[in-house]
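The next block holds one structure in the form of structure tokens; read it before the comments.
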Amino acid sequence: MKKQIVIFTLLLISGIFVYAQKFEGLAETPPKLAETPPMGWNSWNYFECDGINENVIMEIADAMVENGMKDAGYEYVVIDDCWQVGRENDGTIIVDKEKFPNGIKALAGYVHSKGLKFGIYSDAGTATCQGRPGSRGYEFQDARTYAEWGVDYLKYDWCNTTNQNAQASYTIMRDALYQAGRPMVFSICEWGESKPWTWAQDVGHLWRTTTDIQDCWDCEVNWGGLGWIKILDKQDGLEEYAGPGHWNDPDMLEVGNGGLTTIEGRAHFSLWCMLAAPLMAGNDIRNMTDETKAILTNPQAIAINQDELGKQGFRVLKFDNIDVWVKPLSNNEFAVCFLNRCDEPYELNFDWGKFYVVDKTERWKGIPLNENFNITHVWDNKAMGNTKEVLNHKLKGHDVLFVKLSK
Ligand code: GLA
């Protein structure tokens, strides 16, 4: 009898221990996801509000498998704004039945059947940016609905949030997702207004750092949207906040949307790789040129973006109209990207010793150039000499020279 009591007590104690462990940190730590920057596709940049429907999304999933993007690492198919039209009396979100006649659960199932993951969009305020119902006051109900549908990724916007506190609002949805019990990548889209990099590490897996990207090199639209080079300039200095599971998000890609030349699109993609930015394609991947496909699926560039060290690159030098960005990689390797910001070509004669004079701060301990590194051209995967030699390269206007240094 005594033995049975002891066994019973031991079982009880271990049961309590397991239970306590399971719920340790409940609603405090999001599940471990996005250990490298998320990769996928989002409907907004190309299809905006009116262009989406279930056929388009299914065709996108098909294309992602057939055109090599899935093999290159793209995983999430995310529907942005405009899939929702109202709420039932009990608060349940109503899907636009004209555009999604089979409902979102069936669509998520289709995406899953392709070996991909499925994402959706909502807003922390009373309405989305396109005036559809927001999740304010319905966070737990919506999160349960998403979990039931099989959603793997939620992009959560910031329109119509007058007087709301960003950290508090996003934390509510994080907790709601957590309690819904299905792991979902939580993408905070608050445009950088409350500096989410300072508070969002334990709230979301990625957070937008700026206003919306535009399909141009450096344009600026009246409501504040910016060309990618202007978005790029706002990322330098944020590198210390990014890392596995929590990324700065300079917004979705505009590669292949028509407003950038092939050279500019490749430069945009190169810099997003350098930034360890989420790689969410924003074009019509069903119909893209070979050049666009080659940019979006380049294995060497993607490997730099997805490097397991998870370091965001930063600008270490600026001379003439050239930026030099560096991203430390695992195995003591480095990615270096020279960007010609000017329209005119530039004759680059780069002496690696120049890095010695760069202010060595906490963020920049320098490349150990006393050791010799071999240089590989990232886009072409070709050897380009080593760091003991001056690097000579003619850069076209708006072009990059994207290289990897390794032993
Ligand atoms: C905001 C976001 C965009 C997009 C639209 C949809 O502008 O920043 O990325 O989601 O809303 O309405």
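Just so it is clear, none of the values below were taken in a lab; they were calculated from the coordinates. None of these values were measured; they are calculated from a predicted model. Here the Cβ is made from the backbone with ideal geometry for all residues, glycine too, and neighbour counts use every protein chain on show.
Starting at the first residue of the stretch 129-139, write each ³J(HN,Hα) from the Karplus equation 6.51 cos²θ - 1.76 cosθ + 1.60 with θ = phi - 60°, in whole Hz, x for Gly and Pro.
These are the phi-based 3J(HN,Hα) values: 5, 9, x, 7, x, x, 9, 4, x, 10, 4 Hz.
Roughly what angle does helix 2-23 make with the longest principal axis of the chain, taking Cα atoms, 0 to 90 degrees, to the nearest 10?
Once rounded, one gets 50 degrees.
Lysine pairs in the stretch 314-406 with alpha-carbon atoms under 13 Å apart, 8 or more places apart or on different chains: how many are there?
Taking the stretch 314-406 as the scope, the lysine pair count is 5.
Arrange HIS268, HIS112 by Cβ neighbour counts within 10 Å, fewest through most, would you?
Listing HIS268, HIS112 from fewest to most nearby Cβ atoms yields HIS112, HIS268.
Identify the trypsin sites (Lys or Arg not before Pro) of the stretch 61-106 meeting these criteria: DSSP loop state and at most 15 other C-beta atoms within 10 Å of the C-beta.
LYS97
With the crude spin-label approximation of a point 7 Å out along Cα→Cβ, what separation in nm comes out for GLU88 versus ALA106?
1.7
For the stretch 72-115, run through the GluC sites (Glu not before Pro) and keep only the ones in DSSP coil with at most 12 other Cβ atoms within 10 Å of their Cβ.
The qualifying sites are GLU88, GLU98.
For the chain, which cysteines have no second Cys with its Cβ under 4.7 Å from theirs?
Isolated Cys, the chain: CYS189, CYS273, CYS337, CYS342.
Each residue of the stretch 291-301 in order: what ³J(HN,Hα) in whole Hz does its phi give by Karplus 6.51 cos²θ - 1.76 cosθ + 1.60, θ = phi - 60°, with x for Gly and Pro?
5, 5, 4, 5, 5, 5, 10, 4, x, 5, 5
From Cα pairs below 8 angstrom and at least 6 apart in sequence, can you work out the relative contact order of the chain, rounded to a whole percent?
Normalised by residue count, the contact order of the chain is 13 percent.
With θ set to phi - 60° and the Karplus curve 6.51 cos²θ - 1.76 cosθ + 1.60, what are the ³J(HN,Hα) couplings of the stretch 151-157 in order, to the nearest whole Hz, using x for Gly and Pro?
For the stretch 151-157, the Karplus curve yields 6, 10, 7, 10, 9, 10, 8 Hz.
Taking the beta-carbon count within 10 Å as an exposure proxy, list VAL203, VAL95, VAL255 from fewest neighbours to most.
Ascending number of Cβ neighbours within 10 Å: VAL95, VAL203, VAL255.
When only Cα pairs under 8 Å and 6 or more residues apart are kept, what is the percent relative contact order across the stretch 314-406?
Computed over the stretch 314-406, the figure is 35 percent.
Using a simple spin-label model with points 7 Å from Cα along the Cα→Cβ vector, what separation in nm is obtained for ASP202 and ASN55?
So the label points at ASP202 and ASN55 sit 4.9 nm apart.
Return the long-range amide H neighbours of PHE334 (sequence gap of 5 or more, or a different chain), with a cut-off of under 5 Å between placed amide H atoms.
Here the answer is LEU329, LEU405, since their amide H atoms fall under 5 Å of that of PHE334.
Compare the Cα positions of ASN298, THR128, ASN332 along the charge dipole of the chain (+1 at Cβ of Lys, Arg; -1 at Cβ of Asp, Glu; about the Cα centre) and return the one farthest towards the positive end.
So the residue furthest toward the plus end is ASN332.
Between rounded, prolate and oblate, where does the stretch 314-406 land on the alpha carbon gyration tensor, with a ≥ b ≥ c its root eigenvalues, rounded for a/c under 1.5, else prolate if a/b exceeds b/c?
Oblate shape, in that a/c is at least 1.5 and b/c is the bigger or equal ratio.
Roughly how many debye, to the nearest 20, is the charge dipole of the stretch 285-375 about its Cα centre, given +1 on each Lys and Arg Cβ, -1 on each Asp and Glu Cβ, and no other charges?
360
To the nearest 20 debye, what is the magnitude of the charge dipole of the chain about its Cα centre, counting +1 on the Cβ of each Lys and Arg and -1 on the Cβ of each Asp and Glu?
About 1480 debye.
For the chain, what does -39500 (n - 2.57) per DSSP helix run (n ≥ 4), summed and divided by total residues, give at 222 nm, in deg cm²/dmol to the nearest 500?
Roughly -8000 deg cm²/dmol at 222 nm, from the helical runs in the chain.
Suppose each label sits 7 Å from its Cα in the direction of the beta carbon; what would the GLN306-THR261 distance come out to in nanometres?
3.1
Could you tell me the center-to-center distance, by alpha carbons, between the stretch 237-277 and the stretch 35-68 in angstrom?
18
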